[in-house]
Each structure stands twice: as structure tokens, then as C-alpha cells.
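Okay, structure first, notes after.
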Amino acid sequence: MASETGKIKMISGTGKIAEPRRSCSSLCSEQTQKNAEAIRKFQRNSALRSAYFRDYLGFTLVEMLVVLAIMAMIMAMSVPFTSGFGKGLKIKTTARAIAGIMRVAKSNAVTFRKNYSAVFDVKEGRYWIEDDTGRVYEKKYSLPSSVKFEVKGNEEADPVTFENDRAVFNSSGSLEGVNGSVTFTDKQGDSRTISVVNTTGKITIN
């Protein structure tokens, strides 16, 4: 053990003078000071960020009103386009649905080797599939409230030209009888006709 200017130092096994170990209270005090400094630094950074967002990223009432006015103008300009899109959407969806039902009837006729029919109820605005025993396949479907079986511009004309208002497909996939069609029109006057060729059973939307 050696004495130097009143301080006690330990001589290690390597011959070097080692500083005495610091007490727990000294280490805790130093750590507390570091934590306090870190907290103060964090608070300063938070204050700077808050000031930045308040000064540079904030919106005044005038700016908000301008943005709202621009949004209103854009919405007003888009109304004619969206209304035009919605106008023809239901008639197109209905055409695809009815054509799909007719294709299922044709496919069932070929698969199960017996007649299947796509049946149309003009008065009730309904359509469905039946097998050769009259059993309904899956369920009956209804036209949208804005669409009905009708020839555009001629309410007296028959909208369904299939015999007995049913398109009957046989096991070869062809249509029984002569060519036929079904026509439907919406309230806006847009109309679609689905035709079937008897020899091939080809289904076409016009």
C-alpha cells in the first residue's frame, strides 16, 4: 500500500497503482445527473418540434376555408360524371345477371343430359331456372326496381319472344324451337336485349 498526497492507492498484481473503487452512492448520484440531463435534452427537443409544427405546419382559418372551397368545386365538377356512370350501371348489371342465368341453364342441360329452361315472368319482373320436371334451380331472381321487361318506345310489344316465355336448352346446348330474345328497359330509357341462336345456343347481349 502506498500513500500519495493523502490519497490511498492500491498496488495491483501487475505493479500498477489502481484507483480505489467508487462508492455506490457516488455512482447513483452520477447516473441521476445523467438521467436528469437526458430528460432536459428531450424536453428541449420536444419544445422545438412543437414550435416547428405550430409555426410551419399549422393551418389558419382562411387556409382551411380555401381548401374547403376547392374541395366543393371538385365535387361539383365530378357530379355529372358519377351520375352518368350510375345511370347505366343497373341496366348493365341486369344484362350480365340474366345472361349468366341463361348460360347456367345451358350448361346444366349439357352436363345433366336433360332440358333446362331460363324462365321469365314479365308481369312480376322475375326470372329463374327450371329443370324438365319444373323444379326451380337455386332460386328466383327479381329485376331492380328501376328496370322492367319492356321494349323501349313500344310498351305493347312482347319483351320476351321465347315460346311460353322460356328459353329451353337441350342436352346438346342448343335452343329448343326458333331463335328468341328477352328485352328490358330502365326508367332512364336505356335498354338491353339478350338474344339466343337456336342452332348453337349462343347467347349475345345487344
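The values are calculated or read from the model by the stated rules, or taken from the named source; none is laboratory data. All values reported here derive from a predicted model rather than from experimental measurement. Every residue, glycine as well, gets a Cβ built from its backbone with ideal geometry; the counts of neighbours run over all protein chains shown.
Within region 126-143, is there a residue that is assigned to a helix (DSSP H, G or I), within 27 Å of the chain's Cα centre (by Cα) and within 22 Å of ILE205 (Cβ to Cβ)? Taking every residue of region 126-143 in turn, none turns out to be assigned to a helix (DSSP H, G or I), within 27 Å of the chain's Cα centre (by Cα) and within 22 Å of ILE205 (Cβ to Cβ).
If you go through region 183-206 and keep only what is aliphatic (A, V, I, L, M) and either modelled with pLDDT under 95 or part of a loop (DSSP other than H, G, I, E, B) (or both), you end up with just VAL197. Take ASP190 and tell me if it is within 22 Å of PRO144 (Cβ to Cβ), touching a helix residue (DSSP H, G or I) at 6+ places or on another chain (Cβ under 8 Å) and not basic (Lys, Arg). Yes.
Here region 148-182 is the region considered, the condition is being assigned to a loop (DSSP other than H, G, I, E, B) and buried (at least 21 other Cβ atoms within 10 Å of the Cβ), and the residue that is nearest to the chain's Cα centre (by Cα) is PHE149. All of LYS92, LYS106 fail the test of being part of a helix (DSSP H, G or I), among the basic types (Lys, Arg) and crowded, with 19+ Cβ neighbours inside 10 Å, apart from LYS106.
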